[in-house]
Amino acid sequence: MVRIPLFRKKKEKKVEGREGFSEALKGVLYGFAVHGAATAALKTRMHMEHLFMLMTLGDMLGFPIIPPYYSLRILPYVVPNIKAWKERLFRERDFTDLLSG
Amino acid sequence: MQVAFLETPSMWIIGALVAYAFAYYVYARWVDEHIWEVSERRTTPAHMYLDGVEYFPVSRYVLYGFQFKSIAALGPILGPFIAVAYGWLPALIWIVIGNMFIGWVQDYSTIMLTVRNEGRSMGPLVYNAIGERGRKILLAYLLFYLLIISAVFIYLVSLFWNVFPGSFIATIGIIITGLIVGELLYKYKANIFGVTALAIILTLVSVGIGTVVAWPPKNYFGQWSVQIWSIILAVILFIGAIVPLPKFITPMNFVAVFPAIGGVLLIIFGALISPVTGIKLLQPAFKGWYVENVGPLFPILFVSIACGAISGWHSLVSTSTTGKQLDVETDARPVGAGAMLTEGLLATSALAAYMVVSPDLIAKGKISAFVNGATLLTAPFLGGEMSKAYLLTFFSIFLVIYAITVQTLVTRYWRVFSAELFRRGSWKILGNKYVATAVGLLLPIVFALTGSWIELWIYFGGSNQLLAAMALTLVAFYVAKMRKPTWYAAAPAAFMTLVTLAALLWETYVFGLVTFGLRKPFAKPPLTSYPAAAWALNVVFFFVGIVLFVLGLYMSYALWSAYARARRGEVEAKAVSP
């Protein structure tokens, strides 16, 4: 999974005092200035990856692609991403989802 | 110079702060605990569907900053300009009451709708409530809505560039800064702190160059100046809509963040210390129930201040992104309600800037009123007379960036919505990337030819608030399915449905009078020299009003019917317990 700073794990212990304030301020500024850009960049990469995976491993989803030699070569590297790729590709998308980039 | 506390905007800002604190700590907490029964133990879509791209848990502070940045635009700043025509008191009452009982309710509840419905955005939520036809009508409605926003924002940016000498140069400076920052960040992987410092310095230098050069002067292109500025802006927006986000829009918006935050903080601080700086209220508290060329206080006041009190745009942001990235349900209140109430504070501060300017400026409809008011509030603690010229340029650029950063995204959304709507059939060409963008810019420019931005703003406010009313009705529908009290969403939904349909009907009626020759067309020079063209555009606005009203009426009827069915128990109940 791609890691972006300031992600919080569920039920993480809260930081208090001056350190907590500093974390909050940093988070707000990050959200205000960069979060949208980071999400947009991730989505751009996602679309590129979808295209690449479709071209090489589309037969897994029923697309009529002749399995090329290179599909087998890259298979060990893409195996960890196949489940997430299938889920994302098959997820129903609506025009209001497009607002997020 | 010190003046009586009550004669300054300070007391009203403090009063609004107290009201917003009550809304957040008492009312919102009650809704959070008793209606939605939020729990840290319930898994959110961010965890359930975690993919690191669309669904991932994000810190509440990051999401708060993101939500506020996504919802704050020109609405809370320019809306009070129209509303203050009735006096500052009705405007203040609407901003405070709207935020306390309607605005945060929508933003918070739509986030919760997405969280409790497997991360679905507005379209699928509408589909579940009223079916495929409702979803398609929502798409058509949103296209008209984007068209009206574009017409208003394109006209206003062009007007700002025309009225404030130097603001165009400063804007270009910020765009160039954005391009440099983009290259440094994405291509050369430069250090973010260094790049941010460089962005702030270059932005301040751009404003300084704009102030010193103060070129081009007002009406530089003659009587067609505003229209020519619109075409220049359209070229910039066209590039923004077709090139990849990280190349243009993203870095430009990143750079624009700093003057945007700085301006808001300066105005709030200036309003709070106004008893010390001696800046007094000059506007009358109440002027009347009817204002010529604006309309009756009911319903126009409630749509003129849009995003500062409630806005349908927020429901789109809440459901399409924020709700999918909420770490725990208990974060919905600080993110949704917190960001909305902060925007309410921004609207109150903007109103403070209008309170302290001469009533003449408002009466004559001078768009420079905000810039003058903000400069009056801030100059006393930023160098006095010496800094006034710089601050005038700074606050003019403040207006431009709030409009232009949203407009770049709106143009892009128009393009992707058009691609969705016209992907098949004989109209397929309209879904083409370049054609859709060109149409999405050309139509608003033609609309803006009349120069009657206040009438267009009322359409924008009406359609935006009606979208909010639909979102609130949708919330009431889902809360009814949960077998929980619905009044907290249904009552504001009923009020907003009534008020926005009335406002759209009023504006359609006004353009109808023009259409049937019972009133002079709304037009400003140079279009006044072409009465037939002015009349034709007013006729187009009449039909736009009819379309918006009919689509809005259908959606409202369908959603209220769904809500009634849910209340009667004809819709399958949904559990709320973890």
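The values are calculated or read from the model by the stated rules, or taken from the named source; none is laboratory data. What you are looking at is a predicted structure, and each value in this text was computed from that prediction instead of being measured. Here Cβ is always computed from backbone atoms with ideal geometry, including for glycine, and neighbour counts include all displayed protein chains. Areas reflect the complete protein model, heavy atoms only, side chains present, ligands, DNA and RNA absent. Shrake-Rupley method; radii C 1.70, N 1.55, O 1.52, S 1.80 Å.
Protein heavy-atom surface of the stretch B:5-567, 1.4 angstrom probe: 71% of the accessible area is carbon and sulfur, with nucleic acids and ligands not counted.
Restricting everything to alpha-carbon atoms, can you work out Rg to Rh for the stretch B:102-161 with a Kirkwood hydrodynamic radius? For the stretch B:102-161, the value is 1.14.
Among the chymotrypsin sites (Phe, Trp or Tyr not before Pro) within the stretch B:151-232, those in coil by DSSP and having at most 16 neighbouring Cβ atoms inside 10 Å are B:TYR188, B:TYR220, B:PHE221.
Near B:ALA190, the amide H atoms lying under 5 Å from its own belong to B:LEU185; only residues 5 or more places off or on other chains count, and H is placed 1.01 Å from N. Database remark: amide H of B:VAL291 closer than 5 angstrom to the amide H of B:LEU297 (H placed geometrically; neighbours at sequence offset of 5 or more, or on other chains; Pro and chain starts carry no H).
With θ taken as phi - 60° and the Karplus curve 6.51 cos²θ - 1.76 cosθ + 1.60 applied, the whole-hertz 3J(HN,Hα) list for the stretch A:82-92 is 4, 5, 4, 4, 4, 4, 5, 5, 8, 5, 5 Hz, x standing for glycine and proline.
When restricted to Cα atoms, the protein assembly as shown yields an Rg and a Dmax of 24.7, 83 Å, respectively. A convex hull fitted to the Cα coordinates of the stretch B:23-88 yields 148 cubic angstrom per residue.
Buried accessible surface for the A/B chain pair comes to about 4100 Å², total over both chains, computed with a 1.4 Å probe. For the stretch A:17-100, the share of accessible area belonging to carbon and sulfur comes to 67 percent (1.4 Å probe, ligands and nucleic acids excluded).
Cross-link check: pairs B:LYS136/B:LYS524; B:LYS324/B:LYS433; B:LYS187/B:LYS428; A:LYS43/B:LYS433 evaluated at a Cα-Cα cut-off of 30 Å; pairs beyond the cut-off: B:LYS136/B:LYS524; B:LYS187/B:LYS428.
If you take the alpha carbon atoms of chain B and fit the smallest convex hull around them, that volume is 150 Å³ per residue. Across chain B, the longest piece that holds none of the GluC sites (Glu not before Pro) lying in DSSP loops with up to 16 other C-beta atoms within 10 Å covers B:293-569. For the stretch A:17-100, the alpha carbon convex hull comes to 139 Å³ per residue, rounded to a whole number. Set the Cα radius of gyration of the stretch B:322-370 against 2.2 N^0.38 Å, with N its number of residues, and you get 1.80.
Loop-located trypsin sites (Lys or Arg not before Pro) in the stretch B:101-202 (DSSP state not H, G, I, E or B) with no more than 15 neighbouring Cβ atoms inside 10 Å: B:LYS189.
Rolling a 1.4 Å probe over the protein heavy atoms gives the stretch B:57-140 an accessible area of 21 Å² per residue. One way to sum up the overall shape of the stretch B:316-464 is the equivalent ellipsoid from its Cα gyration tensor, whose semi-axes run 35, 25, 14 Å, largest first. Past the 24 angstrom mark, what percentage of all C-alpha to C-alpha distances in the stretch B:224-357 do you count? Tail of the P(r) past 24 Å holds 57 percent of the pairs.
Ordered from longest to shortest, the equivalent ellipsoid semi-axes for the stretch B:39-197 are 32, 28, 19 Å, each the square root of 5 times a Cα gyration tensor eigenvalue.
Calculated from the alpha-carbon coordinates, the stretch B:117-219 shows an Rg and a Dmax of 21.1, 58 Å respectively. Phi angles across the stretch B:86-100 convert, under the Karplus curve 6.51 cos²θ - 1.76 cosθ + 1.60 with θ = phi - 60°, into 3J(HN,Hα) values of 8, x, 6, 5, x, 5, 5, 4, 5, 4, 5, 5, x, 5, 5 Hz, Gly and Pro given as x.
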